[in-house]
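**Student:** Take a look at this one; I'll ask things after.
Just so it is clear, none of the values below were taken in a lab; they were calculated from the coordinates. This one's a predicted model, so the numbers in the text were calculated from it and none came from an experiment. Every residue, glycine as well, gets a Cβ built from its backbone with ideal geometry; the counts of neighbours run over all protein chains shown.
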Amino acid sequence: MIDEKKLKEAENRVKRFIQEGIIKKEKPEHIDFFIKNADNSIDSAKALFELSTNTEKQKSFGFTAFNGLLWVVNASYYSMFYMARALLENSGIKIKADLSIHSVTFDAVIYYFYLTGKLQKEFLEDFIEAKGDAAEILGKQKADELIEAYFFEKNKRSAFTYDMGIVLVQSKAKTSLERAQRFRRELKKIIDKKKQLSPAPR
């Protein structure tokens, strides 16, 4: 469950970002760019998952024991991130931030889509959980990057270690991939519907 206090903090940050010009309303321009990046990310996640779990494919590529499951989680998260950017862009919401782009994007999705009821709660919670999983699996280097931009730390489902079993890693990667695919489908529906009605910013 998303903490009401955290939602209020996100709302207040977005209001400040708007005043500071970090978030602006302009004509949508880069929707297709973000959707293409989301598609490329999900395709990468699918390919990595298939190559990591299919020994015949590994042999055809000349790999004896390929394991890209950690990067399935990362690519899945980035697909969700780019879809969130596409959703915002489609509504004419521009983000002008050099640092903490993930955090600003997440706050903006909360402000414009979650708090207004436009985005179903379960998909926003999926976004939160995917970021948490990526941070857990990819270790400190990737965690620092994601956590720096991540203010909605959800309770970890389990503690990850480097000697974690392959079955558990595979399960986490599969969950991340499925979550990202669902997130993409739902946001794409919202984007397509808005495109048909009116893409102009408010």
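**Student:** Expressed as a whole percent, how much of the Cα-Cα distance distribution for segment 12-121 exceeds 18 Å?
**Tutor:** 58
**Student:** Using the Karplus curve 6.51 cos²θ - 1.76 cosθ + 1.60 with θ = phi - 60°, work out ³J(HN,Hα) for each residue of segment 81-96 in order, rounded to whole Hz, and write x for Gly and Pro.
**Tutor:** Residue by residue, segment 81-96 yields 4, 5, 5, 5, 4, 5, 4, 5, 4, 4, 9, x, 9, 9, 10, 10 Hz.
**Student:** Now, a different point. Which loop-located GluC sites (Glu not before Pro) does segment 2-93 contain, where loop means any DSSP state but H, G, I, E or B and the Cβ has at most 12 other Cβ atoms within 10 Å?
**Tutor:** Answer by residue number: Glu26, Glu29.
**Student:** For segment 6-126, with the dipole built from +1 on Lys and Arg beta-carbon atoms and -1 on Asp and Glu ones, taken about the Cα centre, which of Tyr78, Leu51, Tyr112 lies farthest toward the positive end?
**Tutor:** Tyr112
**Student:** Here's another thing I want to ask about it. Write out the trypsin sites (Lys or Arg not before Pro) in segment 69-113 meeting two conditions: DSSP loop, and at most 15 other Cβ atoms within 10 Å of their Cβ.
**Tutor:** Lys96
**Student:** Throw me the Rg/Rh for segment 12-62, computed over C-alpha atoms with Kirkwood Rh, two decimals.
**Tutor:** Across segment 12-62, the Cα-based Rg/Rh ratio is 1.36.
**Student:** What FRET efficiency comes out for Leu7 versus Leu99 if R0 is 22 angstrom and r is the Cβ-Cβ distance? Round to the nearest 0.05.
**Tutor:** 0.45
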